[in-house]
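> Just dropping this structure here.
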Amino acid sequence: MSGSRYRVVFTDGAREALRELDGAERLAAIAPGALSREALRALLAGTTLGTLLEDLESLAADPYGGPTLARTAGAEDDRTGLLGALAVTYMVSPATQPPVITVTTIRAPKGA
């Protein structure tokens, strides 16, 4: 992992939203951390959750280069971006070690 790569973390609300996505049922009987990234990617291929995780990998490599839909009012580093078919609100914290992206909400885009 390079020094410029961001770590992605989820708030409790975002974690709960992950459990509702297509693909989450495939993880029900698997202990957290039991799968490698490659195995997880293969298990979730073709699902909404799998697409989201792939997009989060790209976001972690370049949090300012993604498709930002809007900035959250009053918070410079809070953004909402379209990741796959989902609107994801996240906060970028470049000063932390390691730098962190905190996902706060995951939902269908407005009008969907």
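The values are calculated or read from the model by the stated rules, or taken from the named source; none is laboratory data. For clarity, every value in this text was computed on a predicted model and none was experimentally measured. Don't worry about glycine lacking a Cβ; one is built from the backbone with ideal geometry, like all the others, and counts go over all protein chains shown.
> For the range 85-112, name all the residues that are without any contact (Cβ under 8 Å) to a residue 24 or more places away in the chain and out of contact with any Asp or Glu (no Cβ under 9 Å at 6 or more places or on another chain).
Residues satisfying the conditions are A87, A95, T96, Q97, A108, K110, G111.
> Mind listing just one residue for me: the one in the range 46-66 that is loosely packed, with under 12 Cβ neighbours inside 10 Å and not charged (D, E, K, R) and, of those, modelled with the highest pLDDT?
Applying the filter and picking the extreme gives G46.
> Also, quick follow-up: Could you list, ordered by first residue, the pairs with Cβ atoms under 6 Å in which the first is in the range 14-31 and under 22 Å from P109 (Cα atoms) and the second is small (G, A, S), at least 6 apart or interchain?
G23/G50
> Let me ask something else. Can you tell me which of A112, A85, A108, A73 is out of contact with any strand residue (DSSP E or B) (no Cβ under 8 Å at 6 or more places or on another chain), at pLDDT 80 or above, surrounded by fewer than 17 Cβ atoms within 10 Å (Cβ to Cβ) and over 15 Å from F10 (Cβ atoms)? First the steps, then the outcome.
Working: A112 fails: at pLDDT 80 or above; A108 fails: out of contact with any strand residue (DSSP E or B) (no Cβ under 8 Å at 6 or more places or on another chain); A73 fails: at pLDDT 80 or above.
From the options A112, A85, A108, A73, the qualifying one is A85.
> I'd like the residue in the range 8-41 that is closer than 21 Å to P98 by Cβ, β-branched (V, I, T) and out of contact with any Leu (no Cβ under 7 Å at 6 or more places or on another chain) and, out of all such residues, is surrounded by the fewest Cβ atoms within 10 Å (Cβ to Cβ).
By that ranking, first place goes to V9.
> Further, regarding this structure: Filter the range 28-39 for residues that are assigned to a helix (DSSP H, G or I) and either at pLDDT 90 or above or touching a strand residue (DSSP E or B) at 6+ places or on another chain (Cβ under 8 Å) (or both) and give the result.
Taking the range 28-39 as the starting set, the residues that turn out to be assigned to a helix (DSSP H, G or I) are 37-39.
Across the range 28-39, the qualifying residues are E38, A39.
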